[in-house]
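Worksheet for the structure shown next.
Any read-out appearing in this document is the output of simple, stated calculations on the displayed coordinates, not a laboratory observation. On a predicted model such as this, the values are computed, not experimentally measured, just so you know. Neighbour counts run over all protein chains shown; Cβ positions are idealised from the backbone, glycine included.
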Amino acid sequence: MWGALAHENSPGGGREVEEEDSLLTSYARTNPSPPGRSSNEQGMWSSRNSLSVTGARILTATGSLVMFVVIAWAISATTGSFGEQITWLLSNPWGVVSLVDLYVGFTVFSMWIWFREGSKVAAAAWTVAMMTTGWLGGSVYVFNCLRQFKGDWQWFFMGNRRP
């Protein structure tokens with residue numbers, strides 16, 4: 001339909017639409033729809049979920065480890081007081097941009113935590129972890145969710161608010 005609108009007045013007289021429809025049909029045959037449609041498709045999606053969850057677990061575990069190492073290195077390599085470091089960072093316009101960028105991201109991610117968590121205490125603890133350790137806390141949070149993941153993406157994204 002959208003292809004027809006886009007190519008309605010094209011010089012090819014609609015041939016592009018037929019080619020596009022044929023490509024979409026071919027794609028649909030080789031890339032089945034989500035689970036619940038047929039047993040063949042169910043098996044294919046299960047393996048995709050398994051691969052994507054495994055990849056996400058590896059990524060979040062690696063991210064957590066890297067962030068921990070970098071934070072430990074920064075603590076050990078820092079000279080001067082914390083106040084001096086903050087003053088130095090805030091004296092550079094890109095330091096200010098970086099902090100604003102980070103804390104906007106931390107806040108948006110923390111809003112998702114508050115949305116999906118059933119316990120206000122847990123949400124508050126994860127928010128404190130996020131605001132103090134940055135993406136170390138965020139990576140650990142996502143890793144923890146993926147550890148509990150049982151194939152229900154709606155639960156993963158919506159947590160206890162899932163319909």
Notebook entry, point to check: Based only on the alpha carbon positions, what is the Kirkwood hydrodynamic radius of the range 58-161, in angstrom?
Noted result: 15.2 Å
Next item on the list: Using the number of other C-beta atoms within 10 angstrom as an exposure proxy, rank Ile113, Ile58, Ile75 with the fewest first.
Entry: Ile75, Ile58, Ile113
Item checked: Phi to ³J(HN,Hα) by Karplus 6.51 cos²θ - 1.76 cosθ + 1.60 over the range 99-109, Hz, x for Gly, Pro -> 5, 4, 4, 4, 6, 5, x, 4, 5, 4, 5
Margin query: Taking θ = phi - 60°, what integer Hz values does the Karplus form 6.51 cos²θ - 1.76 cosθ + 1.60 yield along the range 145-150, in sequence order, with x for Gly and Pro?
Written below: 5, 5, 5, 8, 4, 10
